[in-house]
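So the structure is just underneath, and the comments pick up after that.
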Amino acid sequence: MAKLTHSTHPAPTFPEKILQFGTGVLLRGLPDYLVHKANAQGHFEGSIVVVKSTDTQTDEFTDQNNLYTVAVRGVQHGKEVAETTVVSAISRVLAAQTQWSQVLMLARNPKLQIIISNTTEVGLNYVEESIFQSPPQSFPAKLTSFLYERFRSVGGSKAKGLVVIPTELVTDNGLKLRDAVEKLAQFNELGKLFTKWLKFHVRFCNSLVDRIVTRPADEAQQAIQQEAGYEDELLTMTEPYHLWAIEGDDRVKQTLGFAFEGTPQIIIDEDISFYKERKLRVLNGTHTLTMPLGYLLGLETVADEMNHPTMSKFIESLMLDEIVPTVPDYGIPGMDKTEVKQFALDVLDRFRNPYLDHLLLNISLQETAKMQARNVATIQRYYEQFNAAPKRITLGFAAYLLFMKAVQEKDGQFFGEITLPSGGKITYPIRDDKAGYFYGDWKTVKVSAPATVQYFVKSVLSDVALWQTDLTALPGFAEAVTQDLTSLLTKGVEKTLEKSLS
């Protein structure tokens with residue numbers, strides 16, 4: 001079978017208008033995919049130069065003339081979706097370690113307009129270093145170096161400023177990146193004129209990306225390649241749903257030519273907090289509250305949860321009855337309760353997607369921090385509206401506490417344990433910075449002594465350092481979590497879950 005190249009799929013050539021830091025599947029499956037779609041419809045007509053920072057290997061791109069396939073599979077509005085697209089938006093891929101001079105040369109390109117990044121959450125952190133290394137080590141230093149070269153090459157021209165859009169999953173990612181760049185400019189003594197140009201002519205935009213993108217399993221990859229008639233080492237699998245919300249003004253709208261009226265999946269607005277809040281509470285919050293319960297049931301993926309008759313009912317009730325009512329309503333079309341509920345129904349469709357192996361254990365990473373960021377405000381808002389403990393949330397919280405129960409520690413890594421119906425046991429890693437904290441507290445708990453369970457729950461819930469608030473101040477919350485945790489410990493997960501829905 002032939003490899004995917006320009007020989008199998010000829011592609012047009014466009015001017016290089018975007019610099020992208022990162023080669024990961026999320027960028028390939030969302031921003032790059034959307035740029036390709038715009039080009040195909042006669043809009044934007046620009047290509048992307050990609051910078052790879054992790055290593056010097058770019059053969060997987062060059063061997064395929066920078067083409068790759070996005071296979072969209074899933075269910076949307078109750079209908080099966082199967083779409084396969086060969087994306088030709090990338091013009092070339094440069095390795096930062098060996099081709100940094102070529103990256104800086106791109107700063108002199110008068111057609112360059114936009115910089116996009118996805119360098120993991122820690123990639124936006126400020127690191128005090130020289131930007132004159134080849135290359136600088138951190139992403140903010142690489143970006144500062146590039147922007148300084150741009151400033152020097154255009155003589156501080158207002159017309160040659162850039163729009164910078166980080167897509168890392170960090171709150172206010174644009175503001176955080178701008179802060180790091182400004183600190184690096186000061187540390188490297190780049191001068192007042194550069195600082196002024198940076199402030200007025202480089203626009204850093206907060207953004208939110210929402211699409212599940214994965215590498216397909218071997219079997220799925222083989223099937224798609226057979227159907228397409230070529231081999232693709234960069235084959236990318238994704239769900240139908242996609243949204244890219246970008247915080248920007250008229251200048252940003254004018255610059256982002258790939259976002260036109262025919263792309264409702266790209267939202268440019270001066271305030272995108274509604275979209276961030278909706279995703280954080282409904283999608284991410286549900287994941288965090290249901291992952292422990294599903295995993296302790298012996299399930300492996302989100303789709304497994306949705307195929308489990310009791311667990312799927314629990315997820316729907318949790319999301320629609322307890323989370324959706326608490327999401328702030330802006331009171332305008334597109335930002336109201338109707339839109340939040342529709343988003344929730346779309347999320348349930350996404351959870352049911354049988355083509356994506358969204359592993360529960362992957363969702364469990366840093367579960368404690370996620371519980372605080374995603375669900376504490378939801379619990380507080382529920383009390384403000386209903387003055388009662390949310391029953392589904394309390395059970396999800398209790399299951400989280402049980403999931404955090406480590407039975408052994410080895411070389412600083414903590415492991416929990418599940419007892420299977422057959423009597424066998426499975427150990428799992430607890431990849432959470434607070435695993436040691438819970439390891440000590442769980443040692444005080446004796447299932448035969450209810451008072452120890454109650455004391456443990458109250459101790460955890462009252463820890464302001466964990467939750468940024470005292471959760472025992474919410475009337476009945478600690479008691480409900482204690483009751484649910486006791487049931488999980490004595491009756492088991494399956495029976496507790498069934499009873500909670502009866």
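The values are calculated or read from the model by the stated rules, or taken from the named source; none is laboratory data. Predicted model only: the values in this text are computed from it and were never measured. Ideal geometry is used to build each Cβ from the backbone, glycine not excepted, and the neighbour counts take in all protein chains shown.
Summary table below
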read-out	value
Residue within region 18-33 that is of a type in the set (D, E, K, R) and in contact with a Gly (Cβ under 8 Å, 6 or more places away or on another chain) present	no
Output for region 201-224, where each listed residue is closer than 18 Å to R28 by Cα and in contact with a Ser or Thr (Cβ under 9 Å, 6 or more places away or on another chain)	S207, L208, V209, R211, I212, V213, T214, R215, P216, I224
Failed condition for E219, given (1) over 24 Å from the mean Cα position of the chain (by Cα); (2) modelled with pLDDT of 95 or more	(2)
First in region 321-341 and more than 17 Å from G285 (Cα to Cα), second anywhere and crowded, with 18+ Cβ neighbours inside 10 Å and at pLDDT below 95, Cβ under 7 Å, 6 or more apart	Y330/F274; M335/F274
Unmet requirement for T290, which otherwise passes all of (1) outside the structural domain of P429 (by TED's automatic domain parsing); (2) buried (at least 19 other Cβ atoms within 10 Å of the Cβ); (3) not hydrophobic (A, V, I, L, M, F, W, C)	(1)
Every residue from region 124-166 that is part of a helix (DSSP H, G or I) and of a type in the set (V, I, T)	T144, V154
First in region 415-428 and of a type in the set (D, E, K, R), second anywhere and not in a strand (DSSP E or B), Cβ under 6 Å, 6 or more apart	E417/V407
Residue ID - farthest from G294 (Cα to Cα), chosen from residues in region 461-498 that are in contact with a helix residue (DSSP H, G or I) (Cβ under 7 Å, 6 or more places away or on another chain) and of a type in the set (D, E, K, R)	D470
Close pairs (8 angstrom Cβ cut-off, 6 or more residues apart or separate chains): at negative phi and free of Cβ contacts under 8 Å to residues at least 60 places away in the same chain in region 296-309, β-branched (V, I, T) and in a helix (DSSP H, G or I) anywhere	E305/T290; E305/I315; M306/I315
Qualifying positions in region 248-261 - more than 19 Å from D210 (Cβ to Cβ), assigned to a loop (DSSP other than H, G, I, E, B) and in contact (Cβ under 8 Å) with a residue 12 or more places away in the chain	D249, G257, F260
Enumerated strands (runs of 3 or more DSSP E) restricted to region 399-496, each holding at least 2 residues that are modelled with pLDDT of 95 or more and either in contact with a His (Cβ under 8 Å, 6 or more places away or on another chain) or buried (at least 17 other Cβ atoms within 10 Å of the Cβ) (or both)	413-419
Selected residue (only one of Y455, Y439 is more than 15 Å from A399 (Cα to Cα), of a type outside the set (A, V, I, L, M) and without any contact (Cβ under 8 Å) to a residue 12 or more places away in the chain)	Y455
Positions within region 46-81 being in a loop (DSSP other than H, G, I, E, B), without any contact (Cβ under 8 Å) to a residue 60 or more places away in the chain and among the acidic types (D, E), in sequence order	D55
Where a residue in region 482-494 is farther than 9 Å from A398 by Cα and its partner, wherever it lies, is among the β-branched types (V, I, T) and surrounded by fewer than 18 Cβ atoms within 10 Å (Cβ to Cβ), with Cβ under 7 Å and at least six apart	L489/V447; T490/V447
Which listed residue, of W467, W442, is under 22 Å from N387 (Cα atoms), aromatic (F, W, Y) and out of contact with any strand residue (DSSP E or B) (no Cβ under 9 Å at 6 or more places or on another chain)	W467
Count - residues of region 131-162 that are among the β-branched types (V, I, T) and surrounded by fewer than 22 Cβ atoms within 10 Å (Cβ to Cβ)	1
Set T13, T84, T23: member being assigned to a loop (DSSP other than H, G, I, E, B), out of contact with any His (no Cβ under 9 Å at 6 or more places or on another chain), in contact (Cβ under 8 Å) with a residue 40 or more places away in the chain and surrounded by fewer than 19 Cβ atoms within 10 Å (Cβ to Cβ)	T13
Answer residue from region 230-266, given it is out of contact with any Phe, Trp or Tyr (no Cβ under 9 Å at 6 or more places or on another chain) and over 24 Å from G42 (Cα atoms) and is surrounded by the fewest Cβ atoms within 10 Å (Cβ to Cβ) among those	E231
